[in-house]
Amino acid sequence: MIHPETFSISDYLNQTFSCNCGRSHKTDLKDVDISKGAVEKIPHYIKKYDHKRAFIVCDCNTYEAGGKKVKSVLDEAGCENTLFVFSQEELVS
């Protein structure tokens, strides 16, 4: 049985595990990067996993906080991408 409070995030990558809630949980995450400058590494991960394009989804607040930078990094690296920004009205309804 896994106790989430004692695991690091890397313990969850690409794993199936039994939880103390009585169910099994699975994650297909292969990488997590929370280092300084991680946004600049996004093109590396896109290429590493042979993806063809990125889909950026955010609201207007997260776009200003980081989405704009992600879009810029992808554009500068020549990575095809699509941006979708939810409006405030879409979030409330």
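The figures follow:
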| item | result |
| --- | --- |
| Set of lysines near residue 69 by C-alpha distance (under 16 Å), chain-local residues within fewer than 8 positions excluded | 36, 41 |
| Amide H contacts of residue 83 (H built 1.01 Å from N, under 5 Å, at least 5 apart or other chain) | 56 |
| Accessible area (Å², per residue) of the chain, counting only protein heavy atoms and a probe of 1.4 Å | 74 Å² |
| Built amide H within the under 5 Å cut-off of residue 59, gap 5+ | 86 |
| DSSP loop chymotrypsin sites (Phe, Trp or Tyr not before Pro) with at most 16 other Cβ within 10 Å: longest gap in the chain | 50-93 |
| Summed side-chain charge close to residue 80 - residues other than residue 80 whose Cβ falls under 11 Å, Lys, Arg +1, Asp, Glu -1 | +1 |
| Vicinal HN-Hα couplings computed from phi for the stretch 82-89 (Karplus, 6.51 cos²θ - 1.76 cosθ + 1.60; Hz; Gly/Pro x) | 10, 10, 10, 10, 5, 7, 4, 5 |
| Accessible area (Å², 1.4 Å probe, nearest 10) - residue 9 | 100 Å² |
| Computed magnitude of the charge dipole of the stretch 46-93 (debye, nearest 20; Cβ of K, R +1, Cβ of D, E -1) | 320 debye |
| Listed values (i) 29, 19, 12; (ii) 35, 16, 15; (iii) 32, 11, 10, entry calculated as semi-axes √(5λ) of the Cα gyration tensor in Å | (i) |
| Dipole magnitude of the chain, debye to nearest 20 (Cβ charges: Lys/Arg +1, Asp/Glu -1, about Cα centre) | 300 debye |
| Selection of trypsin sites (Lys or Arg not before Pro), the stretch 5-63, meeting DSSP coil and at most 15 other Cβ within 10 Å | 23, 30, 36, 52 |
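The values are calculated or read from the model by the stated rules, or taken from the named source; none is laboratory data. Because the structure is a prediction, the values reported are computed rather than measured. Cβ atoms come from the backbone with ideal geometry, glycine included; neighbour counts cover every protein chain shown. Just so you know, the surface numbers come from the protein's heavy atoms only, side chains and all, with ligands and any DNA or RNA stripped out. Shrake-Rupley method; radii C 1.70, N 1.55, O 1.52, S 1.80 Å.
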